[in-house]
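Here the structure comes first, spelled out in structure tokens, and everything after it is commentary.
None of the figures in this text is laboratory data; all of them are computed from the coordinates on show. What you are looking at is a predicted structure, and each value in this text was computed from that prediction instead of being measured. All Cβ positions, even for glycine, are placed from backbone atoms using ideal geometry, and neighbour counts span all protein chains on display.
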Amino acid sequence: MKLNTLTKYVSAAVLAGSLGLTAVAEAATLKISHIRPQGAIIDNELKDFASKVDAATEGDVKVKIFAASALGDYTTVQERISVGAIDMAVQPAATAAERKMQISAFPYVAENWAQAKDIYGPGGAIHSAMKALYAKQDITMLAAYPVYFGGVALNRDAVSPGDPSVDKGIKVRVPGIKSFQLTSDALGYISSPIPFSEAFTAVQTGVVDGVVGSGAEGYYASFRDVTKTYVPVNTHFEVWYMIINSETLADMDAEDREALQQQALAFESKRWENAEADQAAYEQKLADNGATIVDLSNEELAAAAAKVRAEVWPKILEDVGADWGQNVLDQIAK
């Protein structure tokens, strides 16, 4: 073989090797956190999302799932995504970082699933507001993930569950978020802020008689063994958000970034199709596990909504900024 021919073969081999190394170097593995156990709906849907991202990017982007808050509670995870220490998550908004994020769990802004989609879905007032709030923390909101309308889970029989004017004498755990505390009080319960990690034990040992702040899916996942009664009083509409560190997203190859964003939109669209049925399924699971599901009339739900809107909304608006919050509510009203 002539020297120049050999040189060509060696050069081609070196070039091919270099290209291979470049492809490996450019491949990315994104760590994504969520708050539910392995095998939960969100866990399975994220596995499907990861598979589709892998296919859409031809293996350039891998998504590694960390279930059950393995990377930290959702407040810590949001902070770490903000600084780029964690790549992604699907989880509730952490209001400790920004009080305005309470708008996401504003009580009784939606009365049914159709209204919820208009408000929390793409182009909706709260969807847009949350996207802007995340952006200020160097976080990009890729999708909203609707979960359920909230209710009250009790380790005892309910007391006048359809009458918010009755002081029920029942102490319930609430998250350390003002909107949940005020809503619980307005519905006649005695609110007791307790960290989520301590909530099950608090109910089990009788420190509190129940829990406010979640819905049927959440109560089944974490409190089914201490839930004797479930009151679906629609306290709030629960939405989680698929978020990613903005710099991580910007540093991706343009085609891979577009593929990731498109798969996130498909993930969100699929969730809106299934969420209402999933809520009903988890209420049935609670019933199958021995819980009594209280059937509230439309009039009782309307009474709860009216009382909370009158007593709670003005106080939360003060907390998030009256002008800013009222502007969001006005957009919803339109």
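The table below gives the values:
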{"read-out": "Under-5 Å amide H pairs with Ile293, H placed in peptide plane, nonlocal only", "value": "Tyr230"}
{"read-out": "Gain upon complete extension [Lys62, Asp138; 0.36 nm per residue less C-alpha separation]", "value": "25.2 nm"}
{"read-out": "Counted charge near Glu45, where neighbours are those whose Cβ lies closer than 11 Å (Asp, Glu -1; Lys, Arg +1)", "value": "+1"}
{"read-out": "Span-like helix ranges in the chain, DSSP H, alpha carbon extent 30 angstrom or more, Kyte mean at least 0.5", "value": "3-26"}
{"read-out": "Long-range HN-HN contacts of Lys31 with modeled amide H, under 5 Å", "value": "Lys64, Asp87, Met88"}
{"read-out": "Local electrostatic count at Ala277 - Lys and Arg +1, Asp and Glu -1, tallied over other residues with Cβ under 13 Å", "value": "-2"}
{"read-out": "Difference of contour (0.36 nm per residue) and Cα-Cα distance, Ala114 to Asp319", "value": "71.0 nm"}
{"read-out": "Charge sum, other residues only, whose C-beta stays under 13 Å from Tyr74's C-beta, Lys/Arg counted +1 and Asp/Glu -1", "value": "-1"}
{"read-out": "In range of the label at Thr292: residues from segment 152-192 whose backbone nitrogen is under 17 Å from the point 7 Å along Cα→Cβ", "value": "152-163, 168-171"}
{"read-out": "Point-to-point label distance, Asp48-Lys334, nm (Cα→Cβ direction, 7 Å offset)", "value": "3.5"}
{"read-out": "Residue pairs, from the table Lys100/Lys315; Lys178/Lys270; Lys47/Lys270, whose Cα atoms sit over 20 Å apart", "value": "Lys178/Lys270"}
{"read-out": "Long-range HN-HN contacts of Thr235 with modeled amide H, under 5 Å", "value": "Gly150, Gly151"}
{"read-out": "Centroid-to-centroid separation of segment 149-211 and segment 285-328 [C-alpha atoms, Å]", "value": "13"}
{"read-out": "3J(HN,Hα) from dihedral phi, segment 171-176, Karplus parametrisation 6.51/-1.76/1.60, rounded to Hz, x for glycine, proline", "value": "8, 10, 6, 10, x, x"}
